[in-house]
Amino acid sequence: MTYKTFFTQLLLVTLVAVVMIVMVDQVPALSAYTDLSWVTCAFFVFVCINLFFFGHRAASSDSKYAFTNIIFAFMMGKMMLTIGLVMGYNNFMQPTTKLFLVPFFMVYLIYTIFETYFMMKLGKVSPNEDNKNEF
């Protein structure tokens with residue numbers, strides 16, 4: 001997967017997430033939690049970009065374990081940071097209901113599907129593959 005392809009697809013996925021956040025903002029029971037949705041969207045864009053760069057580098061390395069190690073490290077790191085984000089929001093904003101999790105998980109699901117897709121594509125890169133068509 002080239003950088004151009006990745007960033008184009010990330011932009012499209014982010015547009016889907018933005019449309020979803022705007023639609024959720026129209027639902028009275030969920031509109032109070034769109035701030036968490038925006039933060040979550042920005043967080044996952046950051047995670048996707050870093051995962052792509054590290055995954056791309058690991059997939060084309062000579063080490064046959066580098067790619068698996070990167071996936072595992074990012075999966076654990078993302079899980080911990082996501083738990084921290086939800087707990088921090090819950091403690092800081094003190095929402096009255098647990099409905100704040102609905103828009104959060106919608107954004108989470110969108111980006112997790114995208115991450116799985118592009119990591120499967122990156123996993124097919126052969127070591128030391130010549131990537132002259134990156135840009």
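Among the candidates V107, V102, which residue alone is in contact with a Ser or Thr (Cβ under 6 Å, 6 or more places away or on another chain), within 19 Å of D25 (Cβ to Cβ) and in a helix (DSSP H, G or I)? Spell out how you get there, then give the answer.
Working: V102 fails: in contact with a Ser or Thr (Cβ under 6 Å, 6 or more places away or on another chain).
Answer to the selection: V107.
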Given (1) surrounded by fewer than 19 Cβ atoms within 10 Å (Cβ to Cβ); (2) among the β-branched types (V, I, T); (3) touching a residue at least 24 places away in the same chain (Cβ under 8 Å), identify the lone condition not met by V19. (3)
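For the stretch 68-99, enumerate the residues that are of a type in the set (S, T, Y) and either under 24 Å from F53 (Cβ atoms) or part of a loop (DSSP other than H, G, I, E, B) (or both).
We begin by selecting, within the stretch 68-99, every residue of a type in the set (S, T, Y); these are 68, 82, 89, 96-97.
Across the stretch 68-99, the qualifying residues are T68, T82, T96, T97.
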Looking at the stretch 37-55, can you tell me whether even one residue there is outside any helix (DSSP H, G or I), surrounded by 13 or more Cβ atoms within 10 Å (Cβ to Cβ) and not aromatic (F, W, Y)? no
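Tell me which residues, restricted to the stretch 25-36, are among the hydrophobic types (A, V, I, L, M, F, W, C), farther than 30 Å from K4 by Cα and either at pLDDT 95 or above or part of a helix (DSSP H, G or I) (or both). Talk me through it step by step, then tell me what you get.
The initial filter retains those residues of the stretch 25-36 that are among the hydrophobic types (A, V, I, L, M, F, W, C), namely 27, 29-30, 32, 36.
Okay, now just the ones that are also farther than 30 Å from K4 by Cα, so 27, 29-30, 32.
The one that is among the hydrophobic types (A, V, I, L, M, F, W, C), farther than 30 Å from K4 by Cα and either at pLDDT 95 or above or part of a helix (DSSP H, G or I) (or both): A32.
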Across the stretch 65-96, which residue is farthest from P28 (Cα to Cα) among those that are touching a residue at least 24 places away in the same chain (Cβ under 8 Å) and over 19 Å from the mean Cα position of the chain (by Cα)? M93
Can you find a residue that is surrounded by 12 or more Cβ atoms within 10 Å (Cβ to Cβ) and charged (D, E, K, R) anywhere in the stretch 79-101? no
Single condition S61 does not satisfy, out of (1) within 23 Å of L10 (Cα to Cα); (2) in contact (Cβ under 8 Å) with a residue 60 or more places away in the chain: (1)
Number of the exception - V45 against (1) out of contact with any helix residue (DSSP H, G or I) (no Cβ under 7 Å at 6 or more places or on another chain); (2) at pLDDT 95 or above: (1)
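Assess whether I110 counts as being modelled with pLDDT of 95 or more, surrounded by fewer than 17 Cβ atoms within 10 Å (Cβ to Cβ) and not basic (K, R). Steps first, please.
On the way: modelled with pLDDT of 95 or more: yes; surrounded by fewer than 17 Cβ atoms within 10 Å (Cβ to Cβ): no; not basic (K, R): yes.
No.
The values are calculated or read from the model by the stated rules, or taken from the named source; none is laboratory data. Remember, predicted model here, so these are calculated numbers, not experimental data. With ideal geometry, Cβ positions are generated from the backbone for all residues, glycine too; neighbour counts draw on all protein chains shown.
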